[in-house]
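What follows is a single structure, written as structure tokens, with notes after it.
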Amino acid sequence: MRILRYSTTAVILAGVISFYFPSTLYAKNDNKHEVHRVTFDGAIKNNTLAMNPNEKMAVVASSENSEVVIYDLVNGKVQGVLKNYVTPRNIIFAPDGKSFYISDSSKGVVDRIDSESFQTINQYAIGPGAFGTALNSDGKALYVNNQSSDSVTVMNTETGVAQAVIKGFAQPRQGVQLSPDGHRLYVTNFLGDKITIVDTAGNKIIGEISGFNKIRAISVTDDGKTLFAANSGSNTVAVVDIASQKIMLSIPVGEQPYGAALSPDGGFVYSGNLIDNSVSVIDVKKLSVITTITGFDHPRQALVFTRDNKYAYVLNQDLSLSKVERATQKIIDTLKL
């Protein structure tokens, strides 16, 4: 078996720019003439979706696909494809929208990509297992979960230097959220099924919330009082009182929920249900499911909303992007690669 590195080229096909970088590793079986992707933690599966603050662009990826797809939301077409990844884990935009960040757990890095040229601006070395990411409000502090080293790295995005490495977690994956005031960081631990609370001023662990069942995505309300967490093991979304650090209620949803995305108005939580190919819509006041949207293809964590609350975007397994009209709670369009 031989290890291959692809050379750097750029290809333009039908107006879509594809970039190839010499960073993706492949193993070639010389006897069978097959090429296989080599991953660090490929058995762990997730997807990710981020929308530019101007809502004109969405960037999507799946850990099962080495491509990162950039959608032009205005014209409803693919704008570019980045092919330099192995297991892309999480994507987030900088607050000004001029760049976005992509973590790759197999490469052990977070790349900062220019939103116009799609070129890499910076690369932050985290170590194999780099997973979930969060940015503070000014975009200067980048928090990176590392599920392999059971740590969270705090990177200064301007200097590229680590400010702190916080230890004491248990396989922190994609779930990581800052409180609205930025004073607390909530980190999911897949092992132990708990959320660890970090004081961001001192980068110290100050508490934890337990009682989850295969915890996945989380979200925090704007007042900082309530947290929602998807439990794929019990087919529920947990409602957590942050002050008491206790689960108040578990809301039944579809089968294997991964998502817990809170709408901008704070009124609804959308949960992507992997096995049901559906999204459960939870009314935050009623704390119950009011409808279920169908027609997706294995939706997971990747759900975002437009600021006007009129539309939601849901990522499918094949990296197509479904647009949901929230007034009717129906899919009205699907952008395809």
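Things to note:
- Straight-distance candidates among the aspartates and glutamates for linking to residue 140, with alpha-carbon spacing under 12 Å and chain neighbours fewer than 8 residues away dropped: 96, 158.
- Reachable lysines, given that their alpha-carbon falls under 20 Å from the alpha-carbon of residue 336 and they are not under 8 places away in the same chain: 56, 77, 83, 323
- Compared with the alpha-carbon gap, the fully stretched path from residue 74 to residue 181 is longer by 35.3 nm at 0.36 nm per residue.
- The stretch 60-127: radius of gyration over Cα atoms, expressed as a fraction of 2.2 N^0.38 Å: 1.06
- Over 34 Å [Cα-Cα, the chain], rounded percent: 19
- Ranked list, fewest to most other Cβ atoms within 10 Å of each Cβ, for 298, 183: 183, 298
- Projected label distance in nm at residue 310 and residue 156, using a 7 Å step from Cα toward the beta-carbon: 4.3
- Taking the stretch 281-309 and a reference point 7 angstrom along Cα→Cβ of residue 265, the backbone N atoms nearer than 18 Å belong to 281-293, 304-309.
- Taking only the C-alpha atoms of the stretch 205-271, Rg followed by Dmax gives 11.2, 33 Å.
- Across the stretch 95-183, counting alpha-carbon atoms alone, Rg and Dmax equal 12.4, 38 Å.
- Farthest toward positive dipole pole in the chain [+1 Lys/Arg, -1 Asp/Glu at C-beta], among 305, 139, 103: 103
- Relative intensity of the stretch 185-337 on a log10 scale, I(q)/I(0) at q = 0.20 Å⁻¹, equals -1.20, per a Debye sum over C-alpha point scatterers of equal strength in the absence of solvent.
- Phi to ³J(HN,Hα) by Karplus 6.51 cos²θ - 1.76 cosθ + 1.60 over the stretch 86-96, Hz, x for Gly, Pro: 10, 10, x, 10, 8, 10, 9, 8, 5, x, 7
- About the Cα centre, charge dipole magnitude for the chain (Lys/Arg +1, Asp/Glu -1 at Cβ), debye: 440
- Put a dot 7 Å past the Cα of residue 290, heading toward its Cβ, do the same for residue 248, and the two dots end up 1.7 nm apart.
Laboratory data are not the source of any read-out in this text; all were calculated from the coordinates shown. Note that the coordinates shown come from a computational prediction; the quantities given were computed from them, not determined experimentally. Counting neighbours? That spans all protein chains shown, and the Cβs are built from the backbone with ideal geometry, glycine included.
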